[in-house]
1. Using amide H atoms built 1.01 Å from N in the peptide plane, name the residues 5+ places from Leu44, or on other chains, whose amide H lies under 5 Å from its own.
2. What are the ³J(HN,Hα) couplings of the stretch 56-64, residue after residue, when phi is run through the Karplus curve with 6.51, -1.76, 1.60 and θ = phi - 60°? Round to Hz, x for glycine and proline.
3. So which trypsin sites (Lys or Arg not before Pro) in the stretch 13-63 pass both tests, a DSSP loop state and at most 15 other Cβ atoms within 10 Å of the Cβ?
4. I'd like the distance separating the alpha-carbon centroids of the stretch 70-136 and the stretch 23-41, in whole Å.
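Nothing in this text is a laboratory measurement; each read-out follows from the coordinates by a stated rule. The model shown is predicted, which means the values in this text are computed figures rather than measured ones. Positions of Cβ are backbone-derived with ideal geometry, glycine not excepted, and every protein chain shown enters the neighbour counts.
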Amino acid sequence: MSQIKKKNVEETRADPLRCPGCKQRYRYGGGIRQPRALGCGHTLCELCIIDKIKEPKSPGNKPEFHCPSCGKEFIVRDASQFPVSWLLVDLLQLAAADTGSCLMHGRPRNLHCISCTTWICQGCTKVNHPIDRCNVQSIEEARSGLRTQQKWDLEQVEETWGDLLQQLQVRNNNFGIFSLLGFFH
Ligand SMILES: [Zn+2]
Ligand SMILES: [Zn+2]
Ligand SMILES: [Zn+2]
Ligand SMILES: [Zn+2]
């Protein structure tokens, strides 16, 4: 059992943006793959939480759920009783950032359209993502959003960030958006 637990932890560390339950990448923008914080420090996608909620054996008992990583027990009826991990949502958005140029305008895609959940360039805000229709966020805004998260959240994710950045560095061989974000200062 302890070996299984250890394996889970290692796999999660290998890709912190992947759900340790189903090994699928978390998604943002709502839906069943969005990450939810369990309250024991672990995170699971909504589908895995739904999957692991055990109906009570006798009518008087409450439905229970055990964290697959640490075994902590929670009495829950619904996955929505666990809050969405907004910090992971932010990380997912940033990880999805494409540092390449916009094919249409040839400018860096350094703006995040929250409405369309995509990264766009300055030129795109005048064409496909007008201000009256789309909620566009600059990299600076994305960064300050991350930094105003609760302190315990940041401490919890500090290690995650390290792993994530290392991976991205290996994958892309450059720091791209992350150096822009100032995480190496
Ligand atoms: Zn899952
Ligand atoms: Zn746990
Ligand atoms: Zn563009
Ligand atoms: Zn848009």
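1. Counting only residues 5 or more places away or on other chains, the set is Arg36, Leu38.
2. Result, ordered by residue: x, 6, 10, x, x, 7, 9, x, 10 Hz.
3. For trypsin sites (Lys or Arg not before Pro) across the stretch 13-63 that sit outside H, G, I, E and B with at most 15 neighbouring Cβ atoms in 10 Å, the list reads Lys23, Lys57.
4. Rounded to whole Å, the Cα centres lie 14 Å apart.
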